[in-house]
Amino acid sequence: MVGFRVFGLALTAVSAVVAIPQSTTSAPEDYAKRGLNVRLSIAGGLLSNTTDGRVHVLFAPAGTDPLEDTEVDSSPDKIFGKNVFGVEASSVITLSGGSSVDTDTGVYGWPNVSLNQIPAGSYSVQAFLTRYETAVRSDGSKVSVRFPCGDGGATINGPGSLTSVITDVQITGRGQTVELKFTNVTAPEDFTGSEIGGCNQGNYEDIGSLKHLKIRSEALSKFWGRDMYVGANIRLPPGYTNSTTRYPVVYEQDHWTGGDWWYSAAFTAQWDSGIIPATSRTPSRPTPKFIHVTFRHEAPFYDDSYAVNTANIGPYGDAINDEMIPLIDSTFRTIAEPYARVQEGGSTGGWISAASLAYRPDLFGACFSSYPDSLSFIRHQAIPLYTNKNAYFNADGSSIPSIRTFVNDTEVVLATTQQENHWELSFGTSTRSFLQWDVWQAVFSAQGYNNYPLEAWDKYTGDIYPGAVELWKPFDLAEYITSNWASSRNLGEVLKNRMFIYVGGRDTYYLNLGVQEFQKKVEALGGPGWANFTYLPTRPHGGVYNNLPQWEFFELMYQWIQDHAPDGKTPLDSAVTTPASRGNGWEEVLAQGGRAAAKARQADPEVKNDGRGKVTASVGRWDPGVKLEAQWVADRRGVGRKFEVTQGQKVEFKPERGVRDLALKVTGTKRGTELPHLPLPASLLGSSRHTTSTKQHVTAKAPPSIYKDVIYQHHVGSKTLPAHAHAKQVWDMYSDRHGRHGRSMLQAARLWKREVRVVIGHADLLR
């Protein structure tokens, strides 16, 4: 969760809900004939290679910079996005219309879904092209994503992006075309350090007590099939260079920090001096002496990886804990023991610090976690994720809020979950917006069959998919701890008295609700006091743990370390820091949520002949959220109309006399991306007495409207049709139908988000 946000309000009357724009879908009549179109060309010399990516066009009020404010709760912009494929230097990209259905291949905008809904008026318009790179990961999954370059995962206009100049445009309310040209490429920051890896994770110079380390992670590089890095910023205590003393380490978890730390110049001067200045209530005193570390782990999908092992982002937990921390220990004079390693952080950092201790109690001693992202998905922010049917609306139709403030003790909703998710969708599909709700999908979800995160709800409608939510549970810390309470990990004993959690009762993002549910679950087993919880009723999101002055918080953590040292008041027992308590293992994570698991969730339709002229069929097993349509095919011809089916459904059919071969064709789509009709080759539906069936995957490229592949389960005499022959057959079949243009579409396509799969269940009627 983005922490420390400040909201400027100028309200003359207090309202329960701020009137911010809702996504709208109707178009004015003036656009009925030609609509509003945007044509984008590319200046010479900007592109040397073909690229995929996402185009953004921002319409801002005349005279303003479209990038000045793009926030969901305050932006005046109208933001439109479209995924593009195979863009070349000579390409002309056209955006027109807009729809909430084909968001992966068409235009989608916020707060107006369609370009045709932009009111007439004067605008400052700017376009951007975010370039994606295709990665084939070690588990066989293939994704197109943006790899940050020291920018902390910019949502828009990151390094390598193509940009146009800001252009003043008069929108007439009638059919017109706005012409823009990409004339610049956004350069990465001009880093001056000598770290390895170029701009990856930044590249910084050491300054005084602030040191930097960066490594090429073996674990991440293996998974992503390319060089991947993690970095660390290390602040050494005063007197470090003139002593042989070993120091404990406080690991502060946060978002992208760049090469510095969050603290002010005045605070830094106090750190380096070793003296805490006197205040009206406290005398001056020595600073606590420890090494302070923050991590740099910008990643595909977000400005940080959440520092755990995940099936979609990769083994960042192992990269940080098993590669970077040992390097810190060997480079600096640390006390390399669990009691001397403390985790702390707020918001996203609050969740990371709690998860780091929960998964690695063998490595860390305690966590001080402030206003953490949802510790229990019983309340994911304000969403009752396990019981609601929709992430945006409650059963009574009321909207679920996402961001709030308080004015004169009255809650004011600044954005709902629907508004924030729709806003994110304009920046990127397949959870690639580099924004908050999307990264939760990337971290907590298993991979979908389409290689991208298996979203827990439909991004536009909000419909929750319980099957996908079930796969989030390894990252529900309340669920994880209580389910391993008395297991071999023995977390009920191992984590006791080691978790310190603080949240405000008026948390801006409703994160107090998840803390409360976490407390209920762990105290139901461990009783009051198993962990330490602090609620400050009127505090919003942000600030220091327990709203303490910064130095008092540092002293609190340092005191915990001293108390739990071998010669302290309550030494940390070695029995609670054994490797047996370790969780979130990479192999386990990949087995539960990687490509092989995604494939294992699928199953073809089964068609059975009862021998008395009636056929019964299942519709197969599909990822949650896939809508299914079926049609019977008798002797290579469709019979009757296509009909909707649902997962787990059984369908029956009684063919007419004389039918020799019967199949059930089931098509699965997500959010309306449909498979173009492909005539089925006779050889794939030929009659046979053989009962052996084979699943074949088409490897030929598909038109942009097709997500992944066409799968047939079929009989071909007594032989199995080789996969490469099958692929060629469909390739030729499509090209014959659509000619040269069809081939170019096939060649230009890339694996994209929305899953489309056709499966044929086959029955032999010749018995």
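The values are calculated or read from the model by the stated rules, or taken from the named source; none is laboratory data. What you are looking at is a predicted structure, and each value in this text was computed from that prediction instead of being measured. In this analysis, Cβ positions are derived from the backbone assuming ideal geometry, glycine residues included, and neighbour counts consider all displayed protein chains.
Name the residue, out of Leu129, Leu162, Leu95, Leu115, that is within 19 Å of Ser430 (Cα to Cα), at pLDDT 95 or above and within 30 Å of the chain's Cα centre (by Cα).
Selected residue: Leu129, the only one of Leu129, Leu162, Leu95, Leu115 that is within 19 Å of Ser430 (Cα to Cα), at pLDDT 95 or above and within 30 Å of the chain's Cα centre (by Cα).
Can you find a residue that is of a type in the set (A, V, I, L, M, F, W, C), over 26 Å from Leu495 (Cα atoms), buried (at least 18 other Cβ atoms within 10 Å of the Cβ) and modelled with pLDDT of 95 or more anywhere in the stretch 368-382?
The answer is yes; a qualifying residue exists.
Looking only at residues that are under 18 Å from Arg131 (Cα atoms) and aromatic (Phe, Trp, Tyr) in the stretch 58-107, which one is surrounded by the fewest Cβ atoms within 10 Å (Cβ to Cβ)?
Phe85
Tally time: how many residues in the stretch 562-620 are more than 25 Å from the chain's Cα centre (by Cα), at pLDDT 95 or above and of a type in the set (Val, Ile, Thr)?
Count: 4.
Hey, among Phe364, Phe368, Phe377, which residue is hydrophobic (A, V, I, L, M, F, W, C), in contact (Cβ under 8 Å) with a residue 60 or more places away in the chain and touching a Pro at 6+ places or on another chain (Cβ under 8 Å)?
Of Phe364, Phe368, Phe377, the one residue that is hydrophobic (A, V, I, L, M, F, W, C), in contact (Cβ under 8 Å) with a residue 60 or more places away in the chain and touching a Pro at 6+ places or on another chain (Cβ under 8 Å) is Phe364.
Name the single residue that is farthest from Thr410 (Cα to Cα) among those in the stretch 516-545 being touching a Gly at 6+ places or on another chain (Cβ under 9 Å) and surrounded by 22 or more Cβ atoms within 10 Å (Cβ to Cβ).
Val522
Could you list, in sequence order, the residues of the stretch 243-290 that are among the hydroxyl-bearing types (Ser, Thr, Tyr), buried (at least 18 other Cβ atoms within 10 Å of the Cβ) and in contact with a helix residue (DSSP H, G or I) (Cβ under 9 Å, 6 or more places away or on another chain)?
Selection gives Tyr247, Tyr251, Thr287.
Is there any pair linking a residue in the stretch 306-322 that is under 10 Å from Asn584 (Cβ atoms) to one that is at pLDDT 95 or above and charged (D, E, K, R), with Cβ under 8 Å and at least six apart or on different chains, and which?
Between residues of the stretch 306-322 that are under 10 Å from Asn584 (Cβ atoms) and residues that are at pLDDT 95 or above and charged (D, E, K, R), the close pairs are Asn309/Asp318; Gly317/Arg360; Asn321/Arg360.
Give the residues of the stretch 512-536 that are in contact with a Phe, Trp or Tyr (Cβ under 6 Å, 6 or more places away or on another chain), over 18 Å from Lys473 (Cα atoms) and hydrophobic (A, V, I, L, M, F, W, C), sorted by residue number.
Leu525, the sole residue that qualifies.
Can you tell me which residue is nearest to Thr570 (Cα to Cα) among those in the stretch 360-392 that are aliphatic (A, V, I, L, M) and not in a helix (DSSP H, G or I)?
Ala366
Show the residue pairs meeting these rules: Cβ distance below 7 Å; 6+ apart or different chains; first residue within the stretch 105-118 and under 11 Å from Asp77 (Cα atoms); second residue modelled with pLDDT under 95 and part of a strand (DSSP E or B).
Listed pairs, sorted by first residue: Pro111/Thr24; Asn112/Thr24.
Kindly indicate whether Gly44 is of a type in the set (Gly, Ala, Ser), out of contact with any helix residue (DSSP H, G or I) (no Cβ under 6 Å at 6 or more places or on another chain) and assigned to a strand (DSSP E or B).
The answer is no for Gly44.
Pick out the one residue from Gly158, Gly198, Gly202 that is touching a Pro at 6+ places or on another chain (Cβ under 7 Å) and part of a loop (DSSP other than H, G, I, E, B).
Result of the check over Gly158, Gly198, Gly202: Gly158.
I need the strands (runs of 3 or more DSSP E) fully contained in the stretch 546-656, keeping only those with at least 3 residues that are in contact (Cβ under 8 Å) with a residue 24 or more places away in the chain and surrounded by fewer than 20 Cβ atoms within 10 Å (Cβ to Cβ).
627-634, 650-653
Checking Thr387 against (1) at negative phi; (2) in contact (Cβ under 8 Å) with a residue 12 or more places away in the chain, which single condition isn't satisfied?
Single failed check for Thr387: (2).
Going through Asn497, Asn547 one at a time, which residue ends up being under 23 Å from Arg360 (Cα atoms) and polar (S, T, N, Q)?
Just one listed residue meets the conditions, Asn497.
Look at Thr172 and say whether it is over 30 Å from Ala600 (Cα atoms) and among the β-branched types (Val, Ile, Thr).
In short, yes.
If I filter the stretch 274-297 down to residues being in contact with a Gly (Cβ under 8 Å, 6 or more places away or on another chain) and touching a residue at least 24 places away in the same chain (Cβ under 8 Å), which single residue comes out as farthest from Leu556 (Cα to Cα)?
Here the residue is His297.
Have a look at Asp77, Asp73 and point out the one that is over 30 Å from Gly225 (Cα atoms) and without any contact (Cβ under 8 Å) to a residue 60 or more places away in the chain.
Asp77
Is it the case that some residue within the stretch 339-349 is out of contact with any Ser or Thr (no Cβ under 7 Å at 6 or more places or on another chain), in a loop (DSSP other than H, G, I, E, B), buried (at least 24 other Cβ atoms within 10 Å of the Cβ) and touching a residue at least 40 places away in the same chain (Cβ under 8 Å)?
Yes, some residue in the stretch 339-349 is out of contact with any Ser or Thr (no Cβ under 7 Å at 6 or more places or on another chain), in a loop (DSSP other than H, G, I, E, B), buried (at least 24 other Cβ atoms within 10 Å of the Cβ) and touching a residue at least 40 places away in the same chain (Cβ under 8 Å).
Where residues in the stretch 324-366 are among the charged types (D, E, K, R) and over 24 Å from the mean Cα position of the chain (by Cα), which of them is nearest to Ala478 (Cα to Cα)?
It comes out as Asp362.
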